[in-house]
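Working notes, beginning with the structure itself.
Every read-out reported here was derived from the displayed coordinates using simple, explicitly stated rules and does not represent laboratory data. Here the structure is a predicted model, which means the values were calculated and not measured. Methodologically, a virtual Cβ is constructed for each residue, glycine included, from the backbone with ideal geometry; neighbour enumeration extends over all protein chains shown.
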Amino acid sequence: MQEILTKAASLLEACETAVLASVNENGFPRPVPMSKVRSEGASVLWFATGTTSRKTKHFTTDPKAGVCCHAGMNSAAMTGTVEIFRDAETRHACWKPEFLPHFPEGPDDPEYCVLKFTATEGTFWIDGEFVTCEL
């Protein structure tokens, strides 16, 4: 199992974009492609978004989430929860210069926040091996 988790961590690191799904007002999944800020191991992904975005509103109401990404023929699909970070320390730690068009005041822009997805279950297809596991 450790080998697949190590490969999954490498896959998440390699993915520039992931699809993050929230649960909308009507109880349906709302998947959106997002640029990844960073990943941690095989179960944590960070994203930047607006404090007033639909997804932020969804996660404020219901933290359940799904994420999927792929690189080449390998893929990961995970379920878990999202935490919303509005504190200065986290926003500065996750800041990238390419966010400036969206958040012109930089990491202190009041519209900028950070989402941390933490997986509780993952399904991975890596190097021809299919594994579903709790994380």
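Taken along its three principal axes, the alpha carbon spread of region 1-50 comes to 39, 23, 12 Å, from the longest extent down to the shortest. Annotation: peptides 1-10, 73-82, ranked by per-residue average of other Cβ atoms within 10 Å with the highest first, follow the order 73-82, 1-10. Values of log10 I(q)/I(0) for region 42-85 across q = 0.13, 0.15 Å⁻¹ run -0.33, -0.43, by the Debye formula with one identical scatterer at each alpha carbon and no solvent. Using the alpha-carbon atoms, what tilt in degrees (0 to 90, nearest 10) does helix 2-14 show relative to the longest principal axis of the chain? Approximately 40 degrees, to the nearest ten. Within the chain, 68, 94, 113, 133 have no other Cys Cβ under 4.7 Å of their Cβ and so lack a disulfide-compatible partner by this rule. With a Cα cut-off of under 22 Å and a minimum spacing of 8 residues unless on different chains, the lysine pairs in the chain number 13. The GluC sites (Glu not before Pro) of region 16-101 meeting both criteria, a DSSP state outside H, G, I, E and B (loop) and at most 12 other C-beta atoms within 10 angstrom of the site's C-beta, are 16, 25. For the chain, the fraction of alpha-carbon pairs lying more than 24 Å apart is 29 percent, rounded to a whole number.
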